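Inspection log for the structure reproduced underneath, given as structure tokens.
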């Protein structure tokens, strides 16, 4: 139902809807607004009665806006902007503030997001960024997240997908490991060594299956869901690791093996919720991630190691 009942909605209720839309959860919105969960639920019900239809729909990931809800949230954004402008004559309000929630892979979070946010916060100290580290496909329902960074081109609805850049992966081993076990001269010799990589049964991104696709007879020696563990396990001599070059090349004790045979180029994509993209803080973080990725391009492509 999208027909109006003839009752004008309460502006406060519209702002409460906007908070729920951004967080995806009544409890999170309530905490941010200084209200309790029951009050938020009651005000959303009052708003739906005034508008004559549902503004939120329950999904596996939380609450998502309906078509009517998106129109109502758009009106709420205008109210929010108007309120912020009240104090513009006294002091320029910093709209790049509040919490931005990001889901991203471990390596990208460490070497792209962290420095990008640190630089942004020097200019906007009221900005806070929360990062959830996970390697997976883009979610179809991303309630509670403002930005996702994923490997591989995402298939998403009601969201903006932006290509950030590409990164290279290769086979690496520590110098001490190669001294003890020998340096493989070709793919056939590589199969005599153990692989350090993701847990196969838990890998959710098809684009990351390269080592098991290219050398299926290579046995796992140590597996982890965290790429930083891959790097440190390879440095410790647990086996031969299939590692992002931008992470491995910063360690002088790691040697890249058979680069002609193992040079997997994969894309990083950024996915943003449409209602989140209209927030100044989210837009600023997204811009910072694009700029940081562009500035780190040489390292991402495995061209940053000197000597």
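Before moving on, here are some points about what is shown:
- Helices (runs of 4 or more DSSP H) (entirely within segment 19-98) containing at least 2 residues that are modelled with pLDDT of 85 or more, closer than 24 Å to residue 284 by Cα and in the same structural domain as residue 146 (by TED's automatic domain parsing): none
- Members of segment 112-136 found to be part of a helix (DSSP H, G or I), in contact (Cβ under 8 Å) with a residue 40 or more places away in the chain and surrounded by fewer than 20 Cβ atoms within 10 Å (Cβ to Cβ), listed by number: 115, 119
- Residue check for residue 196: outside the structural domain of residue 252 (by TED's automatic domain parsing) and touching a residue at least 40 places away in the same chain (Cβ under 8 Å): no
- Search result, residues across segment 253-273 that are within 15 Å of the chain's Cα centre (by Cα) and more than 20 Å from residue 106 (Cβ to Cβ): 272, 273
- Being under 30 Å from residue 261 (Cβ atoms), in the same structural domain as residue 202 (by TED's automatic domain parsing) and at pLDDT below 95 holds for only one residue in 135, 105, 183, 187, and it is 187.
- Residue tally, condition part of a strand (DSSP E or B) and either touching a helix residue (DSSP H, G or I) at 6+ places or on another chain (Cβ under 6 Å) or within 27 Å of residue 159 (Cα to Cα) (or both), over segment 256-277: 10
- Set 178, 163: member being touching a strand residue (DSSP E or B) at 6+ places or on another chain (Cβ under 7 Å) and over 21 Å from residue 291 (Cα atoms): 178
The values are calculated or read from the model by the stated rules, or taken from the named source; none is laboratory data. The structure displayed is predicted, hence computed values, not measured ones. Here Cβ is always computed from backbone atoms with ideal geometry, including for glycine, and neighbour counts include all displayed protein chains.
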